Amino acid sequence: MKHISIIIVNFNQKKLTDNCLYSLSKVKKENFDFSVFVVDNGSPENYRLPAKLSKKQFTLLRSDANLGFTGGNNLGIHTAIERFDSEYVLLLNNDTEVATDFLKILFQFTESHPRMGVVSPKIFFSPGKEFHTNSYKIDERGSVLWYAGGSIDWDHLVAFHRGVDEIDRSQFARQELSDFATGCCVLIRREVLEKAGFLDRRYFLYLEDVDLSMRARQFGYQVGYCDAAKIWHLNAASSGGSGSQFHLYYQLRNRLFFFFYYGTWQVKLRVVKILFQRLIQGNRLEHKAIWHFLTLQDGKQPVH
């Protein structure tokens, strides 16, 4: 029987993490077993697992420093593979809730597609947490898409979610391939991690999932989207939300880094163009992100 290790990174978000773990405790197994590792990523108050959860299935790891999304997940991945020799690793944001059959569907989908290296499910906004909540009827909330596959636009230097803000009407049901999987929820074959490497610590958070997808594709794996598997996401709850200082700084710095690293010379010229535009029109935080990109100051940086 194959084993899946689920990795969840917590930073000072006890209530969110507890809700996520209770959701996982109801997940159905079929022809696989799974364990959950919670990485408490330098939280000021040490996180404790809810007493109701099985200590055999749920394990707490503690890092005294905030290692970011990349480092926290890498710590969990190393520990999980060492302990269980897992064939698969699932990265899952702590601000999510899952359908009871999501893991079974993801597993079956990946097993039936041997070239699929990384796969993400269909992800909805949690009800009432949509970008434009008032635009939807009450009975539509919970059915608004956050992710239905990912696309990379090399002309405009953006990686974006397909279907975002759309009400789900099975319009993406026939898609099985994606330009990138999202780190919000992604099932990864262990062999991909062994060949392509773990999450790149230089990103700290944001675009590390796009980078991993690119490396998987370079090693001949496909990146998948599984429309039948479903979860719900609060959207950037652990990093202050879209538009926060963390969000603005790391999105710009890592965007410049990713597209310059993987892009053709034409793409690199577009990176330089964006860089000068933000230097002229951007704010102090964007100037800092640009300076750190130019001076190779990657990983975790102070954002003020």
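Screening 169, 162 for residues that are surrounded by fewer than 18 Cβ atoms within 10 Å (Cβ to Cβ) and either small (Gly, Ala, Ser) or farther than 19 Å from residue 99 by Cα (or both) leaves exactly one candidate, 162. Within region 98-121, the set of residues being crowded, with 17+ Cβ neighbours inside 10 Å and among the charged types (D, E, K, R) comprises 104 only. When each of 98, 36 is tested for being β-branched (Val, Ile, Thr), under 30 Å from residue 202 (Cβ atoms) and in contact with a Phe, Trp or Tyr (Cβ under 6 Å, 6 or more places away or on another chain), the lone residue that passes is 36. No other residue among 157, 90 is assigned by TED's automatic domain parsing to the domain that holds residue 14, surrounded by fewer than 22 Cβ atoms within 10 Å (Cβ to Cβ) and of a type outside the set (Phe, Trp, Tyr) apart from 157. Which residue is farthest from residue 211 (Cα to Cα), if the candidates are limited to region 265-283 and must be among the β-branched types (Val, Ile, Thr) and touching a residue at least 24 places away in the same chain (Cβ under 8 Å)? Taking the candidates together, the pick is 274. Which members of region 1-45 meet the condition of being in contact (Cβ under 8 Å) with a residue 60 or more places away in the chain, out of contact with any Lys or Arg (no Cβ under 6 Å at 6 or more places or on another chain) and farther than 26 Å from residue 129 by Cα? Across region 1-45, the qualifying residues are 2, 3, 4, 5, 29, 31, 34. Of the candidates 181, 196, the single residue that is under 30 Å from residue 269 (Cα atoms) and either among the charged types (D, E, K, R) or within 16 Å of the chain's Cα centre (by Cα) (or both) is 181. Taken together, the residues in region 71-87 that are at pLDDT 95 or above and either touching a helix residue (DSSP H, G or I) at 6+ places or on another chain (Cβ under 8 Å) or not assigned by TED's automatic domain parsing to the domain that holds residue 14 (or both) amount to 3. Keeping to region 284-304, report how many residues are without any contact (Cβ under 8 Å) to a residue 12 or more places away in the chain and part of a loop (DSSP other than H, G, I, E, B). Within region 284-304, residues that are without any contact (Cβ under 8 Å) to a residue 12 or more places away in the chain and part of a loop (DSSP other than H, G, I, E, B) number 4. Of the residues 192, 223, the single one that is aliphatic (A, V, I, L, M), assigned to a strand (DSSP E or B) and crowded, with 20+ Cβ neighbours inside 10 Å is 223. Can you confirm whether region 24-34 contains a residue that is small (Gly, Ala, Ser), outside any loop (DSSP other than H, G, I, E, B) and at pLDDT 95 or above? Scanning region 24-34, I find no residue that is small (Gly, Ala, Ser), outside any loop (DSSP other than H, G, I, E, B) and at pLDDT 95 or above, so the answer is no. Within region 195-220, the set of residues being in a loop (DSSP other than H, G, I, E, B) and touching a residue at least 24 places away in the same chain (Cβ under 8 Å) comprises 198, 199, 200, 201, 202, 203, 204, 205, 206, 207, 219, 220.
Examine region 145-159 for a residue that is more than 27 Å from residue 254 (Cα to Cα), among the hydrophobic types (A, V, I, L, M, F, W, C) and touching a Phe, Trp or Tyr at 6+ places or on another chain (Cβ under 8 Å), and state whether such a residue exists. No.
The values are calculated or read from the model by the stated rules, or taken from the named source; none is laboratory data. It should be emphasised that the depicted structure is a prediction, and the values quoted were computed from it without experimental measurement. Neighbour counts are summed over all protein chains in view; Cβ atoms, including those assigned to glycine, are modelled from backbone coordinates with ideal geometry.
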